[in-house]
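So the structure is just underneath, and the comments pick up after that.
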Amino acid sequence: QDIRNTVGNIPMEWYQDFPHIGYNLEGKKIYKPIRNKDELDMFLEKMENPDYWRTVQDKMTGADIKLTDEQVDLVHRLQRGQFGDVHFNPYEPAVDFFTHEVMIHPVTNRPADKRSFIPSLIEKEKVSKLVHAIKMGWIKPRKPKDDTPTYYDLWAHEDPNSILGRHKMHVPAPKMKLPGHEESYNPPPEYLLSEEEKLAWEQQEPAERKLNFVPQQYRCLRAVPAYSRFIHERFERCLDLYLCPRQRPAWVWLTACLSQVNVDPEDLIPKLPKPRDLQPFPTTQALVYRGHTSLVRCLSISPSGQWLVSGKDSPPRPRHSGHAGHCWPGPTSLGGAVPGPGPGPGPPQHATICLVAICVEQSVLLVNPCLGDKLLYGATDQLLESYVAPEEERVQPVQWVTATMEEHGRGVRLVVQHSKAVKQVTWHGKGDYFASVVSDNSNMQVLIHQTSKRWSQNPFRKSKGLVQCVLFHPIRPYFFVATQRYVRVYNLLKQELTKKLMTNCKWVSSMAIHPGGDNIICGSYDSKLAWFDLDLSTRPYQLLRHHKKALRSVAFHKHYPLFASGSDDGTVIVCHGMVYNDLLQNPLLVPVKVLKGHVLTLDLGVLDVLFHPTQPWVFSSGADGTVRLYT
């Protein structure tokens, strides 16, 4: 043993906060060895040092000691429950000191003591003291246990000084009703029932009868038979006694539960305003735009409301007053002319540029339709041509390609080439930024692009699920990303997750945001429409199940309190959604009209809905190859 430390057998934790660990024979401090190894160094030593397993720390000196082979064997023997000495044999033959065989001569022939024959005086003194204590009552024998059960009388203490009497809300036991003339064996004739009254009494429910028996007349008391409902009434009396609580609030609640409640079903339905009081909203099919040969997937409209662009699996066709305009290669999604009306309620602002974003397979085409004001689309071309490329080429997730002469003649100005197929594109309110969603499972699903600098970036480091659609907030720098079951709200300035909305749906299909920015709606493939109040909760304020099949698209009106949803059942349901400035007042949601007209094709109905920017009109595109306007 290392006996340098002379502190003795004391807890070594006392020296835990000191630099030394004890004192030697000369009275000098024994300092602790320097230990600056972290967890990583300990792990590396454990992996590289072959003697790590046999190294222990001496608590007396703080040094690391490597155990010898003899010490390791000693530890192993003690762990197995064996003796520490190797040479000790626990199974040696026993020495029979006193033999089991009966000998002639005893081992000891000592004569017995005298005290083994006479009573003990010490025990006699102890017994006399115990007898004296029992006579004086100092020691009492144990009482025998009483096995008879004890019962408590609930009604025994009715005096005001009892525990129950001190409760101010105490209710006495209900008294029985005293018998009247109708219970007599010889009642007056006016108490007897006629045949019609007997028939009516038998047809009534037992709870509605005024009397629970039929009055009868007998000539004498000896002729009265036994009462048939005697046991039943005694049982009901026992129920009244033990079901009647001792305090009034519980008694009132129990009475309300036991008594029959007559509620008008109409009173349970919430009082909603009538649809005619919530006009204007679209009610009638006014126009049908024909010309597409297959299902029309997407719609977009100009800020002025004069031009409508529609897209299907083959070339889309802009519409103006029912006449066809230009055509471009078949898109999967459309982003309308930018910028649109100003954020929030108010009159529309004048557009400064005119662009349409079209998703075609793995590319996004930025198209100048050259429609409307010549100065407007001329200024758009000047803005795009004024771009100056940077000196150093930047690494981007996409490629920005200028359109060829042939494409320029068809209106295409820029082509943004992606690595995978693009399924959605949406514009920012100011018109310089747009976001695209790619059919991919990696972190490259969502990309944000800046048109003026031709710069693209990936805002997310890792994937949060299969992204369905994205949206920009109309007022604040927020970005909405909808996956299959959640909607995540990101702050673009702080670059952090702000909220995570639980949709309570199996698969989100579409999303729209209120012009005020505090409410969003989500459509799902399991026939649900979820309305979220962002200031209220992360769960839906209300779930609407008006459609019978999957919802394909939802939309808000920019100025009127209207929102619409299109479904595979071929209908468009228009609802009144009033959002109040008073934060204490919840939004008012009232369905006002079911618009029909689309024909189901390949089990698909309405694929997209879109409101007119200024009028209370709604456009819908369907799988039957038509675009319909409801006014």
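The values are calculated or read from the model by the stated rules, or taken from the named source; none is laboratory data. Computed from a prediction, not measured in an experiment: that's the story for all the values here. Ideal geometry is used to build each Cβ from the backbone, glycine not excepted, and the neighbour counts take in all protein chains shown. When the accessible area is computed, the model is the full protein with side chains, heavy atoms only, and any ligands, DNA or RNA have been set aside. Shrake-Rupley method; radii C 1.70, N 1.55, O 1.52, S 1.80 Å.
Across segment 495-512, coupling constants 3J(HN,Hα) worked out from phi with the 6.51/-1.76/1.60 Karplus curve, θ = phi - 60°, read 6, 8, 7, 8, 9, 10, 8, 8, 7, 6, 10, 7, 7, 6, 10, 8, 7, 8 Hz, and Gly and Pro carry x. With a simple spin-label model that places each label point 7 Å from the Cα along the Cα-to-Cβ direction, the separation between residue 493 and residue 590 comes to 3.8 nm.
Just tell me the longest site-free run in the chain, where the sites are GluC sites (Glu not before Pro) in a DSSP loop having at most 12 other beta-carbon atoms within 10 Å.
394-631
Each of 593, 28 has its accessible area taken with a 1.4 Å probe; listed largest first, they run 28, 593.
Short-range pairs are left out: with C-alpha atoms under 8 Å and at least six residues apart, the relative contact order of segment 12-69 is 28 percent. Amide hydrogen proximity for residue 355: with H placed 1.01 Å from N in the peptide plane, the residues at 5 or more positions away or on another chain lying under 5 Å are 338.
What the Cβ-Cβ distance of residue 288 and residue 394 gives, at R0 = 45 Å and to the nearest 0.05, is a FRET efficiency of 0.40. For the charge dipole of the chain, defined by +1 on Lys and Arg C-beta atoms and -1 on Asp and Glu C-beta atoms about the Cα centroid, which residue among 6, 40, 529 has the Cα displaced farthest towards the positive pole? Positive-end residue among those listed: 529. Scanning residues 5 or more positions from residue 618 or on other chains, those with amide H under 5 Å from its amide H are 612, 630, with H placed 1.01 Å from N in the peptide plane.
Taking the Kirkwood radius as Rh and the Cα radius of gyration as Rg, segment 12-69 has a ratio of Rg/Rh equal to 1.05. Between residue 112 and residue 238, the C-beta separation translates, for a Förster distance of 56 Å, into a calculated FRET efficiency of about 0.10. Straight Cα distances below 17 angstrom link residue 500 to the aspartates and glutamates 518, 533, 535, with same-chain residues fewer than 8 positions distant left out.
For the chain, hydrophobic long helices are taken as DSSP H runs at least 18 Å long by C-alpha position along their axis with mean Kyte-Doolittle hydropathy of -0.5 or more; these are 121-136, 230-243.
Normalising the average separation of contacting C-alpha pairs (under 8 angstrom, six or more residues apart) by the number of residues puts the relative contact order of the chain at 8 percent.
Between residue 75 and residue 204, the contour length at 0.36 nm per residue exceeds the alpha carbon distance by 37.3 nm.
Under the convention that each Lys and Arg Cβ holds +1 and each Asp and Glu Cβ holds -1, the size of the dipole of segment 12-69 around its Cα centre is about 260 debye. A dipole drawn for the chain from +1 and -1 charges on Cβ atoms has a positive end, and of 204, 281, 378 the residue lying farthest that way is 204.
Taking a ≥ b ≥ c as the square roots of the eigenvalues of the Cα gyration tensor of segment 459-593, is the shape rounded (a/c under 1.5), prolate (a/b larger than b/c) or oblate? Cα axes put segment 459-593 in the oblate bin.
Pairs with C-alpha atoms separated by more than 27 Å, drawn from the list 374/430; 114/140; 464/593; 274/558; 423/464, are 114/140; 464/593. Along the axis of the charge dipole computed for the chain (Cβ charges of +1 for Lys and Arg, -1 for Asp and Glu, origin at the Cα centre), the listed residues 443, 84, 472 are led at the positive end by 472.
Let me know the charge dipole size of the chain about its Cα centre in debye, to the nearest 20, where only the beta-carbon of Lys, Arg (+1) and Asp, Glu (-1) is charged.
Around 1020 debye, computed over the chain.
Does the chain classify as rounded, prolate or oblate by the C-alpha gyration tensor (a ≥ b ≥ c root eigenvalues; a/c under 1.5 gives rounded; else a/b over b/c gives prolate, otherwise oblate)? Cα axes put the chain in the oblate bin. By accessible area, using a 1.4 Å probe on protein heavy atoms only, the chain has 56% of its surface on carbon and sulfur. Ellipsoid semi-axes for segment 418-462, based on the Cα gyration tensor and the rule √(5λ), read 19, 11, 9 Å when sorted largest first.
For the pair residue 45 and residue 373, what calculated FRET efficiency results from E = 1/(1 + (r/R0)^6), where r is the Cβ-Cβ distance and R0 = 60 Å, to the nearest 0.05?
Values: r = 78 Å, r/R0 = 1.29.
After rounding, the FRET efficiency stands at 0.20.
Applying a DSSP loop filter and a limit of 15 other Cβ atoms within 10 Å to the chymotrypsin sites (Phe, Trp or Tyr not before Pro) in segment 428-481 leaves nothing.
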